[in-house]
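Asks: Quick one: the structure is below, questions incoming.
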Amino acid sequence: MCGIVGAVSKSNIVPMLIDGLKRLEYRGYDSAGVAIVRDNEIERKVNVGRVADLEADIDFDRFKASTGIAHTRWATHGGVTRDNAHPHISQNNVAVVHNGIIENHHELREELMSKGYSFYSQTDTEVIVNKVDDFINHGDDLLAAVQKTIKLLKGAYALGVICLSEPGRMIGARSRSPLLVGVKPGEAYLGSDMSALIAVTNKFMVLEDGDIVDINQGQVTIYNNQDQLVERDVKTSSLSANAIELGDYHHYMQKEIFEPGQAIADTLEGRISANSVLEQSFGHDAAEIFDRVEAVQIIACGTSFYSGLVARNWFEKFGVRCDVEIATEFSSRAHVVPANALVLTISQSGETIDTLTALDKAKQQGYRYSLTICNAAESSLVRASDLVFMTHAGPEIGVASTKAFTTQLAALLLLAIVLGRRKLLDQTTEAELVNELRSLPGKVEQALSQDKEIQKLATRFVDKNHALFLGRGLHFPIALEGALKLKEISYIHAEAYPAGELKHGPLALVDSQMPVIAVAPNNDLLEKIKSNIQEVRARGGQLIVFADQESGMDADAGIEVIKVAPVDDTISPIIYVIPLQLLAYHVAVIKGTDIDKPRNLAKSVTVE
Ligand code: M6R
């Protein structure tokens, strides 16, 4: 939520800041802005809308500087207006970009107003910039002013701060919102993540919670929350600038739907042998911890939560007790903590604040071990967990999560196997599952080959306002995920139900206007879901069924059948989600929505 980029260099940094903003735009895209230290002023350009709108407003021949900060916003406090866009400025002296929420901004605002400060925006951020200015006016330099200011803040923040009196200096600070420092001889940068900086450097440092970084004429000094000098490792990012290029695709979401074959292969690489899963891929201490684990508590949000719901079926089938809860709900109540429980977080970004908060809560309540399945190395969740398993999906830019989901499922099946082998899973079944996992990339390609067929089907949704998704067992979460994808990017209201629950209420919604999408693989629940399909047909519902070629289901009046190549039941959710992703994508293309940046959403939800 919100993207920050900042730079101190010897040359003009404005093109780099704009490029960084474009790469961060997936984090928030209500408005964007940039502030630079130039001659005798801090000059600020802001615009509502996209980074491209901001760029169009800039005269690049004139608007030049070697120190600057920039921001792309996802509105929390205050509407989407130019006044509320970042960077915020105080007295033409200080400029600040901020990601996060300051909970005590009311008190700080009142105190500053009593000192004569006036406010032009409705944001919580403006108190920060005014407070820094206030300290500078009382004799502090920029570093001391920011150090003193952040001690007054309650809430979450990542900040980039510059001031007129110290050109060539930029201060960054973070608490519960991510911030990286990019480094290069004589230059240094701030970025919410490496995608912002990868075009200029692949060397970076991760600020820890409470850290402040002083970037002064390219020299980088870091202090911890006690204001003590600290060293942070310089790491090398494996991200390539091209990995976040669109290539021949029309949208990032489309590109990412087509990538899971490779992404799953990368996620499995080095993690499986001929017949078994290598449990050291979960970390050094994994075997020792897994030997003690008696129960698994999964916590996640959105799509990552749905991958947890699929995985519960695998864990329990292999004899491992498992609960799954939405992170915010987990944090909202007390828990009876099972002995030797492993708390498992799942997250694409590793920065979802609700999941981080729930992990904290779980630790406080006595969950003994923690593991994260995550796609972002160096993220907050990775740092906060005892064990880490990285999915290697590569950068996911589209707000609607796709390849992250399929790789999470592959990772979760590996985990279910290593825990399950301590319970009910025998060696032969493990070897069969490993074989099935290895076959996944090929099966993904088969599923993707139905793209054109699904594109045609999508035309049926153009005039629809509602859709119902049905699934059973392992495939109920796939129905949930299909519904989430459709509503996120096409703005069609979509609900998913366990098919058996239909007659307990939602059947009342079914008529000839209601598309009903059923996920019906060839498993031991097939006959039951066939009965549910008949219940819908009898009421005139328009059915689209995703079924196995051998399920004996054929198209008929009011029922369209998309035949999916036969796939082993355990791994089938990883395959069946692909046509649902394609369906949502094509519906959104026809509806002309902003697919990669759907309204009101942001890729990484870093505010509560
Ligand atoms: O980065 P995370 O996996 O923690 O994100 C969790 C959700 O915010 C995310 O899955 C969200 O629901 C997506 N927009 C779904 O497409």
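Asks: How about the stretch 478-526: which of its residues are of a type in the set (D, E), in a loop (DSSP other than H, G, I, E, B) and farther than 17 Å from I544 by Cβ?
Replies: D524
Asks: Also: Restricting attention to the stretch 1-15, which residues are open to solvent by less than 20 Å² (accessible area, probe 1.4 Å) and not in a strand (DSSP E or B)?
Replies: Residues satisfying the conditions are M1, C2, S9, I13, V14.
Conditions (1) within 16 Å of the ligand (Cβ to nearest atom); (2) under 26 Å from F305 (Cβ atoms), marked per residue:
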| position | (1), (2) |
| --- | --- |
| L448 | no, yes |
| E453 | no, no |
| E488 | yes, yes |
| E495 | yes, yes |
| P498 | no, yes |
| H504 | no, yes |
| P515 | no, yes |
| V519 | no, yes |
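Asks: If you go through the stretch 110-118 one residue at a time, do you hit one that is more than 30 Å from G398 (Cβ to Cβ), part of a strand (DSSP E or B) and not basic (K, R)?
Replies: Checking the stretch 110-118: not a single residue is more than 30 Å from G398 (Cβ to Cβ), part of a strand (DSSP E or B) and not basic (K, R).
Asks: What residue, among those in the stretch 410-430 that are farther than 13 Å from F318 by Cβ and open to solvent by less than 30 Å² (accessible area, probe 1.4 Å), is farthest from the ligand (Cβ to nearest atom)?
Replies: Top of the filtered list is A410.
Asks: Restricted to the stretch 34-53, and to residues that are in contact with a Lys or Arg (Cβ under 6 Å, 6 or more places away or on another chain) and within 10 Å of A70 (Cα to Cα), which residue is most open to solvent (accessible area, probe 1.4 Å)?
Replies: V46
Asks: Picking from R271, R312, R292, which residue would you name as being touching a Cys at 6+ places or on another chain (Cβ under 7 Å) and either away from the ligand (no atom under 16 Å from the Cβ) or modelled with pLDDT under 95 (or both)?
Replies: R312
Asks: Also, quick follow-up: State which residue pairs qualify: first residue in the same structural domain as K403 (by TED's automatic domain parsing) and inside the stretch 561-585, second residue in a helix (DSSP H, G or I) and open to solvent by 10 Å² or more (accessible area, probe 1.4 Å) in any location, beta carbons under 6 Å apart, and separation of 6 or more residues or different chains.
Replies: none
Asks: Provide a single number: the residues in the stretch 544-562 that are in contact with a helix residue (DSSP H, G or I) (Cβ under 9 Å, 6 or more places away or on another chain) and under 30 Å from E436 (Cα atoms).
Replies: 10
Asks: Looking at this structure, is L152 in the same structural domain as L108 (by TED's automatic domain parsing) and surrounded by 19 or more Cβ atoms within 10 Å (Cβ to Cβ)?
Replies: no
Asks: Does any residue of the stretch 381-391 turn out to be near the ligand (Cβ under 10 Å from one of its atoms) and either under 21 Å from C2 (Cβ atoms) or open to solvent by 20 Å² or more (accessible area, probe 1.4 Å) (or both)?
Replies: Yes, the conditions are met somewhere in the stretch 381-391.
Asks: Continuing with this model, one more query. Can you tell me which residues in the stretch 315-327 are in a strand (DSSP E or B), open to solvent by less than 10 Å² (accessible area, probe 1.4 Å) and within 16 Å of the ligand (Cβ to nearest atom)?
Replies: Passing the criteria: none in range.
Asks: Would you point out the residue of the stretch 579-603, among those that are more than 12 Å from the ligand (Cβ to nearest atom) and of a type in the set (K, R), that is farthest from F461 (Cα to Cα)?
Replies: Ranking the qualifying residues of the stretch 579-603, first place goes to R599.
Asks: Moving on to the next point. Select from the stretch 440-476 the residues that are open to solvent by less than 10 Å² (accessible area, probe 1.4 Å) and either closer than 21 Å to E535 by Cα or not in a helix (DSSP H, G or I) (or both) and list them in ascending order.
Replies: A467, L468, F469, L470, G471, H475 - these are the residues of the stretch 440-476 that are open to solvent by less than 10 Å² (accessible area, probe 1.4 Å) and either closer than 21 Å to E535 by Cα or not in a helix (DSSP H, G or I) (or both).
Asks: May I pose another question? Cβ contacts < 6 Å: first residue assigned by TED's automatic domain parsing to the domain that holds V161 and in contact (Cβ under 8 Å) with a residue 60 or more places away in the chain, restricted to the stretch 58-84; second residue polar (S, T, N, Q) and surrounded by fewer than 23 Cβ atoms within 10 Å (Cβ to Cβ), any location; separation 6+ or different chain. Result?
Replies: What qualifies is S66/S9.
Asks: Could you list all residues from the stretch 357-378 that are within 9 Å of the ligand (Cβ to nearest atom) and under 20 Å from I326 (Cβ atoms)?
Replies: Matches in the stretch 357-378: C374, N375.
Asks: Let me ask you something else. Considering every residue within the stretch 402-409, establish whether at least one is under 27 Å from P260 (Cβ atoms), away from the ligand (no atom under 12 Å from the Cβ), under 25 Å from the mean Cα position of the chain (by Cα) and hydroxyl-bearing (S, T, Y).
Replies: Within the stretch 402-409, one or more residues are under 27 Å from P260 (Cβ atoms), away from the ligand (no atom under 12 Å from the Cβ), under 25 Å from the mean Cα position of the chain (by Cα) and hydroxyl-bearing (S, T, Y).
The values are calculated or read from the model by the stated rules, or taken from the named source; none is laboratory data. Predicted model only: the values in this text are computed from it and were never measured. Cβ atoms come from the backbone with ideal geometry, glycine included; neighbour counts cover every protein chain shown. Side chains included, ligands, DNA and RNA excluded: accessible areas come from the protein's heavy atoms. Shrake-Rupley method; radii C 1.70, N 1.55, O 1.52, S 1.80 Å.
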